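In what follows, a structure is listed as structure tokens, so that the remarks can point back to it.
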Amino acid sequence: MTLTELKEIIQSLTDSGSDTTHVEVKACREGFPRRIWETISAFANTPGGGVIILGISETPDGIGLTGIKNPTKHQSDLASLCDQMIPPLRPLIEIHKYEGKLFVTAEIPEVSYKDKPCYYKGSGIMSGSFIRVADGDRKLTQYEVQGFLDGQGQPLYDIEPVPESVPEDLDNNLVASFLRRIKEKHPKVAQWADDKILRTYRVIADVDGRPCLTLGGALCLADYPQKFFPGLVAHVLVYPSTGGKQEGDRGERLLDNVKVEGPLVRMVPEVIQVIKRNLQKRTFVKGLFREDILEYPEIFLREALVNAIGHRDYAPLARGSAVQIKIFPDKVEIANPGGLFGPVTEERLGEHGLQATRNSHLMKLLEDAPVPGEERVLCENRGTGIPAMVAALIRAGMEPPEFCDMRTQFKVICSNQAIFDKQTLAWLEQYKNLDLSDRQRFALAYLRHKERLTNSTYCRMNDCDSRIASRELNELSRNKIVLQHGTRRWTYYTILGREERPVLHKTKRKDRREDILAYLRQYQPVTRRQIQSSLNVSAQAILYWLRRLMKEKKISSTTKSTRDRKTKYTTYD
């Protein structure tokens, strides 16, 4: 890390007033931090890794540059601690001098997915494995640890035998269509007996010499898979309000609530129909004809849903969780149990040539099992789902989707806002004299509606490589149109003149002091995480308003640091 990069990180910390997802600071007033291995583990398990800076404190008023007296010893202690991690880490640990004070920085790299979870040897894998969430370190659950271990190889849950099943549980019509397609695609296989084909494709297996279905075979071709797996269903929930907490005009919490069951080849089309009947339609007039267009492109909905059921986690600990489709007035969310698998990260989603399949046998069945009454199958199984989703939304003039990997859940979020609305088109006119590419104009429109833009998002939304994205984003930065924050893998961009963004997207600037005080008066004493969960706002926003309230002497805390997760807050009322 260069001194310039350290200055940029310190400026970013000053702006936010606290740690960030990829930066952890320690004051080291009482010597070397005792449990800093938690942060080392968390960064090693988090995409992109992170930076630890020793010599910076957190106070209710923000961060303070304290420096450290014995940087050489702290540098040695950090290196020794990294040797005690499994696998051992080799971070870049340096000493810097800034504003007359000494600091130690350690760049903790993300370990390979084949080595996760990285944990502290002295505490063991279950107690010593952590991950970074917002600005804090959280211990991995048993399910998350197992998920990392599964990601080191190829999980086989989809071909696990279902002992209580028998071949007669298969749907004869679905099996007939499946066999017919297989024989048409592979002439040599056409000479095989049906039983051999079903066993080769892992639809049927043997347990103690008795034939039964596999999990994947039951899900795809059984007449009622939920007989064995009642939790493997899809829920479609339609909410009357944008946040999902307000009731409708008649006091209803949900406008629609449907549980869809059956084999996957029947389930997906039925879920799509339920979604479509709950969506708004826009009328598009072209010449003498009018056409009703769905609020969201059907291609996007289908690909997102197939990804959710095909790539979800089918481990025993996840089989009680359903795929959920939540429809709000302003967006749709499609969530499935289990985070991203193997080398795939949020930043790499949609990258050409990248394909990592958690349920390889199940996806092979979905590739060859026709949808009843149709000629097509549910998926191509070629890694084209994410690009197809993004392309469908862009063709419809909408924002690209957001992807959220939460380790135990993966979520696709899509707003129904048009990215090139009248206000945005008018706003873009100020740049008409600049030689901007269509990709750059698209990025500016995206930034006007969103908080930030990264290189990977630019690549995904414009279907270009990272070199083109870096060059064109740098051009926007040099022309003083966007502002670059951070360096290297932590770089992101914001639009200059953020006061010009639509009011709709300024929710993070809302004054939360009265909301916090009202919550404290009812439930005090509480931690900041309890407040955050109740108000449904970011951790940084809660920290900011708690510090304001403490400075204004309206609340008190059990410790001096708002960073301490155990700190509880009360009002002076």
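Just from its helices, what would the mean residue ellipticity at 222 nm be for the chain, if runs of 4 or more DSSP H residues each count -39500 (n - 2.57) and the sum is divided by every residue, rounded to the nearest 500 deg cm²/dmol? Walk me through the numbers before you get to the answer.
Working: 19 runs with 198 residues, N = 573.
Taken over the chain, the calculation gives -10500 deg cm²/dmol.
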What spacing in nm lies between the two simple spin-label points modelled at Arg488 and Arg253, each 7 Å away from Cα in the Cβ direction? 4.8
What lysines could a cross-link reach from Lys422, if we take a straight Cα to Cα line under 16 Å and drop same-chain neighbours fewer than 8 places away? Lys432
Could you give the Stokes-Einstein D for the range 157-227 in µm² per second, using the C-alpha Kirkwood radius, 4 °C, 1.567 mPa s? 106
Gap separating the Cα centres of the range 433-468 and the range 340-364, nearest whole Å: 24
Which value, in debye to the nearest 20, gives the size of the charge dipole of the range 41-171 about its Cα centre, when Lys and Arg are +1 and Asp and Glu are -1 at the Cβ? 1180
Please compute, for the alpha-carbon atoms of the range 3-140, the extent along each of the three principal axes and give them in descending order in Å. 41, 29, 26
Would you please calculate the Kirkwood hydrodynamic radius of the range 404-487 over all C-alpha pairs and express it in Å, rounded to one decimal? 14.1
For the residues His311, His74, His96, what sequence is obtained by ranking on other C-beta atoms within 10 Å, fewest first? His96, His311, His74
Residues with amide H under 5 Å from that of Lys331, placed H, sequence gap 5 or more: Asn416
For the range 104-123 and the range 230-286, distance of Cα centres in Å: 41
Which of Met389, Met398 has the fewest other C-beta atoms within 10 Å, and how do the rest follow up to the most? Met398, Met389
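Among the DSSP beta bridges whose two residues both lie in the chain, what percent are antiparallel, rounded to the nearest 5? Could you put the intermediate results ahead of the total?
Details: 69 of 78 bridges.
Antiparallel bridges make up about 90 percent of those DSSP assigns within the chain.
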In which sequence would Ile495, Ile531 go, from the one with the fewest C-beta neighbours within 10 Å to the one with the most? Ile531, Ile495
Ala222's amide H: which non-local residues (gap 5+, or another chain) put their own amide H closer than 5 Å, with H modeled 1.01 Å from N in plane and none for Pro or chain starts? Asp171
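Filter the cross-link list Lys185/Lys227; Lys69/Lys101; Lys116/Lys139 down to pairs whose alpha-carbon distance in this structure exceeds 20 Å.
Working: Lys185/Lys227 32 Å; Lys69/Lys101 9 Å; Lys116/Lys139 14 Å.
Those over the limit are Lys185/Lys227.
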Give me the base-10 log of I(q)/I(0) for the range 119-161 at each q in 0.23, 0.28, 0.33 Å⁻¹, Debye formula, one uniform scatterer per Cα, rounded to two decimals. -0.82, -0.99, -1.12
When we measure straight from the Cα of Lys183, which lysines land under 17 angstrom away, once same-chain ones fewer than 8 places off are left out? Lys196, Lys364
Going by amide H atoms built from the backbone, whose H comes under 5 Å of the H on Leu102, apart from near neighbours? Ile68
Compare the Cα positions of Ala315, Gln355, Leu92 along the charge dipole of the chain (+1 at Cβ of Lys, Arg; -1 at Cβ of Asp, Glu; about the Cα centre) and return the one farthest towards the positive end. Leu92
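If contacts are Cα pairs under 8 angstrom and at least 6 residues apart, what is the relative contact order of the chain in percent?
Numbers: 986 pairs, mean separation 63.3, N = 573.
After rounding, I find 11 percent.
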Mind checking which of Ser534, Met550, Leu517 is farthest towards the positive end of the range 509-571's charge dipole, using Cβ charges of +1 (Lys, Arg) and -1 (Asp, Glu) about the Cα centre? Met550
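Quick note: the coordinates plus some simple rules give every number you see, no bench work behind them. Everything quoted here is computed from the prediction, not taken from an experiment. Backbone-built Cβ (ideal geometry, glycine too); neighbour counts: all protein chains shown.
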